[in-house]
Amino acid sequence: MPTNRRIGIIDIGSNSIRLVIYEISSTLAYRVIGEFKQSARLSQRIGADNALSYENIQFIVRILLHFKQISRSYQVTEIRAAATAAIRNAVNSKQIIDTIQELSGLRVDLLSGEDEARIGFLGMINALDVEDGLLIDIGGGSTEVSLFRNRKLKRSVSFPFGAVNTTARFAADNQAMADLNGIRQMVQQAIANEPWIKEQPGLPLIGLGGTIRSLCKINQKKRKYPLALTHNYSMSTEDMDELMSWLPTLTAEKRKKVDGLSKDRYDIIVPGLAILHTLYEACGSSHYVISGAGLRDGLFFESYLSDQNTSYSLAERSARNMIGLHSCAPIEHLEQVAANVTQLFDALHSIHGLGNGYRSCLHTAALLYRIGVSINYYQFSKHSFYMIANSRLDGLSHRETLLCAAIASFKTRGKAQQTYLQYKEILLESDIDLIVKLGTLLQIAVAMDSSETQVFSSVKAKAIHNTELRLQVQKKNDPSLEYEEIAAFHKDFKKIWGMKLTIDDTDASFSMN
């Protein structure tokens, strides 16, 4: 029996039915350890009488029983299951839920449109550092639109159309040419009844669901994007306009071959895109942002993470979650290094002039610089780079994630240049100097706790006339090792920052030559 809890979240959607298995520790560190999906197309299984037949209910039950078997093999102890639009909109929805529960033994929550919008927002807002926006969740049988301000949900509406049922209505007979005008008119008519949607121009459109994730992957493949992350990926108006002018012209067979588009979505991607594009134009949004977290994450957060510490920023919360999953160093040491490096950053602010976003990157890098030890202590820095760059660090953009990875693993300018060349689609050429400068500060911050015993009870950094960085310290134990390690970086610091480095403790004051 695993010592950590294992939780199953089942989403009975209109397009697919999914099981996600989370593992959560006693400290509330969590991760996904399994995900399983079966295409269901429930919106297409609804009959002319707007009911789901007993045979199709049994189809759902068979999938759920299979998911229960998988959950047992993972030693899952709790399952939360929820159903959305296809079942919600069926005239026999109560019968469907009752029969599913009777035959599968699973309690299923039938989410209202309002519930679906709220829970999707909860998943997104716990994963993206965005203050204001319009959240669009295009599912198989419904589309939720929500307005949020200051990270609080203000308005939401659920429209009874999604990628699957819109395909059935407007593209069932000719997969090559959907009735785009018909789709646009349907969406525009729905928006007309919710005028607040058009009263928020200039906000980012945050997209949830398989439609926008697929469009994101297509765009990344076309760009040869070097980072395999969709969460917090931005797309411009022009990016989506290009897809809107291209994808509908392809035959169904050609769409199956589009790089980045899964074969189980080739027939519904154009209607989904048309819904998204029409909403975007009506909203007057500034750009698209893809959220990799949505309904299933919201169900998990609501049920099992309501007690998590929300005093940390999203980036720090995400970094600490990563530390909780991968034991790498005493947390006291990592916190000391993070405190040291922010002291150095703040003391040098008049010289570097960098904003709080870079401070957050540096702080996150300090917390995670040893994370690669969980793979192998030897050459852990290269493992740290890989783990940081390829993990979903909530609250950081893709560029900030790469900066964090490069700073955490910094060794030489040459390595920083290699990183830039590998990721120049994302990084700026000026980021080479940034990585070198902030990476050097992190090296000094690590040196200030070389023994990992927090020998200094107090550390204060002060820039003197832009020619000297003075470290004022009070020691509680012998800091000989720390002084030796700091001295080893003095030459590099002077070359990179153009300043000498001095230490002032209670017993002596000296500089390093």
Only one of these conditions is not met by ALA274: (1) in contact with a Ser or Thr (Cβ under 6 Å, 6 or more places away or on another chain); (2) surrounded by 23 or more Cβ atoms within 10 Å (Cβ to Cβ). Which number is it? (1)
Does ALA252 satisfy the condition of being of a type in the set (A, V, I, L, M), open to solvent by 10 Å² or more (accessible area, probe 1.4 Å) and farther than 18 Å from ALA163 by Cα? no
Could you grab me the full set of residues in segment 366-392 that are under 17 Å from ILE444 (Cβ atoms) and surrounded by fewer than 23 Cβ atoms within 10 Å (Cβ to Cβ)? SER381
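Identify the residue in segment 133-175 that is in a loop (DSSP other than H, G, I, E, B) and out of contact with any helix residue (DSSP H, G or I) (no Cβ under 8 Å at 6 or more places or on another chain) and, among all such residues, is farthest from ILE268 (Cα to Cα).
ASN150
Per-residue answers, yes or no, for (1) at pLDDT below 95; (2) aliphatic (A, V, I, L, M); (3) under 25 Å from PHE121 (Cβ atoms):
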site	(1), (2), (3)
GLN200	yes, no, yes
GLY207	no, no, yes
ASN219	no, no, yes
THR230	no, no, yes
GLU238	no, no, no
Test SER245 against the stated conditions and say whether it is touching a Gly at 6+ places or on another chain (Cβ under 9 Å), surrounded by fewer than 20 Cβ atoms within 10 Å (Cβ to Cβ) and of a type outside the set (Asp, Glu). no
Consider segment 76-85. How many of its residues are farther than 14 Å from SER112 by Cβ and either polar (S, T, N, Q) or out of contact with any Lys or Arg (no Cβ under 6 Å at 6 or more places or on another chain) (or both)? 5
What single numbered condition from (1) over 26 Å from PHE300 (Cα atoms); (2) free of Cβ contacts under 8 Å to residues at least 40 places away in the same chain fails to hold for ARG184? (2)
Could you grab the pairs with beta carbons closer than 7 Å, sequence gap of 6+ or different chains, first residue in segment 314-326 and in contact (Cβ under 8 Å) with a residue 12 or more places away in the chain, second one acidic (Asp, Glu) and open to solvent by 30 Å² or more (accessible area, probe 1.4 Å)? LEU314/ASP129
What helices (runs of 4 or more DSSP H), lying completely within segment 305-365, carry at least 1 residues that are over 24 Å from ILE9 (Cβ atoms), touching a helix residue (DSSP H, G or I) at 6+ places or on another chain (Cβ under 6 Å) and open to solvent by less than 50 Å² (accessible area, probe 1.4 Å)? 314-325, 331-347
If you go through segment 27-41 one residue at a time, do you hit one that is buried (at least 19 other Cβ atoms within 10 Å of the Cβ) and closer than 18 Å to ASP297 by Cα? yes
For segment 141-155 the number of residues that are open to solvent by 10 Å² or more (accessible area, probe 1.4 Å) and over 22 Å from the mean Cα position of the chain (by Cα) is 2
Reported set for segment 42-59 where residues are open to solvent by 30 Å² or more (accessible area, probe 1.4 Å) and polar (S, T, N, Q) is GLN44, ASN50, SER53, GLN58
Sole exception among (1) over 24 Å from ILE24 (Cα atoms); (2) crowded, with 22+ Cβ neighbours inside 10 Å; (3) at pLDDT 95 or above for ARG62, by number: (2)
Mind checking whether some residue in segment 305-313 is under 27 Å from GLY357 (Cα atoms) and touching an Asp or Glu at 6+ places or on another chain (Cβ under 9 Å)? yes
Can you find even one residue in segment 110-121 that is of a type in the set (Phe, Trp, Tyr) and either crowded, with 16+ Cβ neighbours inside 10 Å or in contact with a Gly (Cβ under 7 Å, 6 or more places away or on another chain) (or both)? yes
Counting only residues that are open to solvent by 60 Å² or more (accessible area, probe 1.4 Å) and of a type in the set (Lys, Arg), which one in segment 68-108 is nearest to GLU144 (Cα to Cα)? LYS94
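The values are calculated or read from the model by the stated rules, or taken from the named source; none is laboratory data. Because the structure is a prediction, the values reported are computed rather than measured. Positions of Cβ are backbone-derived with ideal geometry, glycine not excepted, and every protein chain shown enters the neighbour counts. The protein model used for the area step is the full one, side chains on, heavy atoms only, and it has no ligands, DNA or RNA in it. Shrake-Rupley method; radii C 1.70, N 1.55, O 1.52, S 1.80 Å.
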